[in-house]
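Visitor: The structure follows.
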Amino acid sequence: MTEGHWSRWLVGIQVLLLTIILLAGLALRLELVHFRLVFQVFRYAGLAALAVALLCMPVFIWGLVKRHPESRRAALWGVVLGLLPVAVPLLTVGKNNFDVPPIHDITTDTRDPPRYETVPSLREEGDNSAEYAGEPVADQQREADIYSDIQPLQLALPVEQATQLAADVAGDMGWRVVAQDNRRGHLEAVDRTPLLGFKDDIVVRVRAKGEGSRVDVRSSSRVGKSDLGTNARRIREFLSEMEGRGKSQVGGSG
């Protein structure tokens with residue numbers, strides 16, 4: 001067996017490890033296994049891929065010294081594939097979101113957050129509580145600059161119309177609406193994260209304010225200690241869409 005042939009096994013091992021990671025992620029997305037088991041697979045398979053990538057480096061140097069292009073190519077691909085388990089989360093989540101406070105419940109009103117009514121019955125044993133954790137969480141959100149733009153939205157629409165608009169926006173964003181009361185200004189929905197399909201819950205509260213209404217949103221992760229910025233990103237996208245459509249409705253009726 002030649003050194004060149006041996007070096008190709010580095011790529012084969014990396015492909016096998018990445019396949020294991022992908023299959024574990026698919027199983028989690030399809031809700032076939034518990035997320036804790038999948039995260040263990042991610043951890044150990046990812047560490048193994050990094051270890052093989054480190055092993056590829058001296059092989060690449062050997063290929064340079066011996067002028068062995070096959071070994072160099074195999075080692076280079078081994079390094080690239082070994083870095084994917086690190087690169088994909090960084091590109092998907094964003095580097096800045098790894099620095100967010102370790103909280104998973106974000107709201108536009110930290111002093112009087114909207115309350116879930118239907119969502120608690122949807123959560124399973126072992127999930128995070130649907131009850132807001134109070135000042136400890138509120139303080140962390142208020143003190144983090146990354147959340148400074150998470151503020152209530154003022155719309156020049158009556159409560160019922162604004163709530164229906166919220167339901168329309170939620171549906172278009174792919175959320176599953178589980179409770180809606182336009183008269184009370186109450187909406188609850190469930191969303192899933194794009195990559196692994198974790199279920200997060202959202203409650204929208206609409207109250208009359210002046211000649212229009214004030215919209216507050218709360219988004220919470222069912223599992224995990226930190227949401228890596230997911231809930232804040234969801235709230236931003238939702239309120240931005242609400243604001244744009246709200247202005248169009250007001251302008252169209254004027």
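Visitor: Shape of region 1-79 from its Cα gyration tensor (a ≥ b ≥ c, root eigenvalues): rounded if a/c is under 1.5, otherwise prolate when a/b > b/c, or oblate? Spell out each step's value before the answer.
Guide: On the way: a/c = 4.26, a/b = 2.99, b/c = 1.42.
Cα axes put region 1-79 in the prolate bin.
Visitor: Still on this structure, I have one more. In whole percent, what relative contact order does the chain give with Cα contacts below 8 Å and a gap of six or more residues?
Guide: Working: 395 pairs, mean separation 49.0, N = 254.
Over the chain, the number comes to 19 percent.
Visitor: Most fluctuating residue of LEU81, LEU196, LEU54 in a GNM of the chain with Cα springs under 10 Å: which is it?
Guide: LEU54
Visitor: Let me ask something additional. Take GLU70, GLU188, GLU211 and sort them by solvent-accessible surface of the protein heavy atoms, 1.4 Å probe, largest at the top.
Guide: On the way: GLU70 55, GLU188 0, GLU211 185 Å².
In descending accessible area the options line up as GLU211, GLU70, GLU188.
Visitor: Now for a separate question. Given the peptides 162-168, 18-24, arrange them by the average over their residues of other C-beta atoms within 10 Å, most packed first. It would help to have the intermediate numbers written out before the result.
Guide: Details: 162-168: 21.4, 18-24: 15.7.
Highest to lowest by the protection proxy: 162-168, 18-24.
Visitor: When the accessible area of region 77-201 is split by element with a 1.4 Å probe, what percent falls to carbon and sulfur?
Guide: After summing per-atom areas, the C and S share lands at 52 percent.
Visitor: Let me ask something else about it. So with the 1.4 Å probe, I'd like the accessible area per residue for region 104-199, rounded to whole Å².
Guide: 52
Visitor: Taking percent of Cα pairs over 23 Å apart straight from the coordinates, which label in (1) 49; (2) 60; (3) 54 is the correct one?
Guide: Of the listed options (1) 49; (2) 60; (3) 54, (2) comes from this structure.
Visitor: Separate question: Calculate, for region 1-78, the solvent-accessible area per residue in square angstrom, rolling a 1.4 angstrom probe over the heavy atoms of the protein chains. Could you put the intermediate results ahead of the total?
Guide: Values: 5210 Å² over 78 residues.
For region 1-78, the solvent-accessible area averages 67 Å² per residue.
Visitor: For the chain, what are the DSSP H helices with axial Cα length of 30 Å or more and mean Kyte-Doolittle hydropathy of at least -0.5? Please report the intermediate quantities before stating the final value.
Guide: Working: long enough: 3-29 (40 Å, 1.19); 35-66 (46 Å, 1.62); 69-93 (36 Å, 1.15); 230-253 (35 Å, -1.05).
Length and hydropathy pass: 3-29, 35-66, 69-93.
Visitor: Return the calculated 222 nm mean residue ellipticity for the chain, to the nearest 500 deg cm²/dmol, obtained by summing -39500 (n - 2.57) across DSSP H runs with n ≥ 4 and dividing by the residue count.
Guide: So the helix-based figure for the chain works out to -18000 deg cm²/dmol.
Visitor: Between LEU195 and GLU125, 0.36 nm times their residue separation minus their Cα-Cα distance comes to what?
Guide: Using 0.36 nm per residue and subtracting the Cα-Cα distance, I get 22.9 nm.
Visitor: For VAL86, tell me the accessible area in Å² from a 1.4 Å probe, rounded to the nearest 10.
Guide: Roughly 70 Å² of VAL86 is accessible to a 1.4 Å probe.
Visitor: For MET57, what accessible area in Å² do you get when you roll a 1.4 Å probe over the heavy atoms of the protein chains, rounding to the nearest 10?
Guide: Approximately 90 Å² for this residue.
Visitor: Give me the count of lysine pairs in the chain whose alpha carbons sit under 24 angstrom apart, restricted to pairs 8 or more positions apart or on different chains. Mind showing how you got there, number by number?
Guide: On the way: LYS95/LYS199; LYS95/LYS225; LYS199/LYS225; LYS209/LYS247.
Final tally of qualifying lysine pairs is 4.
Visitor: What percent do you get for the relative contact order of region 32-166 when only Cα pairs under 8 Å and 6+ apart count? Can you show the working numbers first?
Guide: Values: 78 pairs, mean separation 23.9, N = 135.
Relative contact order comes out at 18 percent.
Visitor: Moving to a separate point now. Tell me the net charge near VAL79. Cut-off is 15 Å between Cβ atoms, VAL79 excluded, with +1 for each Lys or Arg and -1 for each Asp or Glu. Kindly include the intermediate steps, with their values, before the conclusion.
Guide: On the way: positive: ARG8, ARG72, ARG73; negative: none.
Every neighbour counted, the sum reads +3.
Visitor: What does the accessible area of TRP175 come to, in Å² to the nearest 10, when a probe of 1.4 Å is used?
Guide: TRP175 exposes around 20 Å² with every protein chain in place.
Visitor: Let me ask something additional. For LYS209, LYS66, LYS199, LYS225, what's the largest-to-smallest order of accessible area, 1.4 Å probe?
Guide: Ranked list, largest accessible area first: LYS225, LYS66, LYS209, LYS199.
Visitor: Among ARG205, ARG214, ARG73, which one shows the highest mean-square fluctuation when the chain is modelled as a Gaussian network with alpha-carbon springs under 10 Å?
Guide: ARG73
Visitor: Now a separate question. In the Gaussian network model of the chain, springs joining C-alpha atoms below 10 Å, which of ALA208, ALA170, ALA133 carries the largest mean-square fluctuation?
Guide: Sorting by GNM fluctuation, first place goes to ALA133.
Visitor: OK, next. Residue separation times 0.36 nm, minus the C-alpha to C-alpha distance between MET173 and GLN40: what's the value? Display every interim value, and only then the final one.
Guide: Working: separation 133, 0.36 × 133 = 47.88 nm, distance 3.09 nm.
Gain on stretching MET173 to GLN40: 44.8 nm.
The values are calculated or read from the model by the stated rules, or taken from the named source; none is laboratory data. The structure presented is a predicted model; accordingly, all values stated were derived computationally and were not measured. Backbone-built Cβ (ideal geometry, glycine too); neighbour counts: all protein chains shown. When the accessible area is computed, the model is the full protein with side chains, heavy atoms only, and any ligands, DNA or RNA have been set aside. Shrake-Rupley method; radii C 1.70, N 1.55, O 1.52, S 1.80 Å.
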